[in-house]
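One structure is given below, encoded as C-alpha cells.
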Amino acid sequence: MAMQPGEIEALIKAALPDAQVTIEDLAGDGDHYAATVISEAFRGKSRVQQHQLVYAALRGRMGGELHALALQTSAPT
C-alpha cells in the first residue's frame, strides 16, 4: 500500500515538531517521493545524522510502504 504525502509529512512533524516539510511525489505512484525538511534539530549534525533522524521519524516504513525518499535536509538559516 502506497503512502500519501500528508502521512509522510505528519510522521516527520510528529518527530520534529518545528520542521518545515515539503513533499513531492516524483513518479505519481505513491512510492517515490522527494522531501525537503528544515529543522533546528539538524543544527550541528552531519548530513547522514540528519537523514537518520528523518528515517527514524518514518517508523520503519522505508522499504515497505515507502519505496524511495530523496532527502534534502538543513537547519534554518
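Of all residues in segment 15-34, those that are under 11 Å from the mean Cα position of the chain (by Cα) and farther than 13 Å from His67 by Cα total 8. Count of segment 25-54 residues, restricted to those that are more than 14 Å from Pro76 (Cβ to Cβ) and at pLDDT 95 or above, is 10. Selection over segment 37-73 of residues that are open to solvent by 20 Å² or more (accessible area, probe 1.4 Å) and within 13 Å of Lys13 (Cα to Cα) gives a count of 7. Within segment 1-35, being among the hydroxyl-bearing types (Ser, Thr, Tyr) and open to solvent by 60 Å² or more (accessible area, probe 1.4 Å) holds for one residue alone: Thr22. When Arg59 is tested against the conditions (1) at pLDDT 95 or above; (2) out of contact with any Leu (no Cβ under 6 Å at 6 or more places or on another chain), the lone failure is (1).
The values are calculated or read from the model by the stated rules, or taken from the named source; none is laboratory data. These figures come from a predicted structure and were not determined experimentally. When we count neighbours, we look across all protein chains shown, and the Cβ atoms used for this are built from the backbone with ideal geometry, even at glycine. All accessible areas refer to the heavy atoms of the entire protein, side chains included, with ligands and DNA or RNA removed. Shrake-Rupley method; radii C 1.70, N 1.55, O 1.52, S 1.80 Å.
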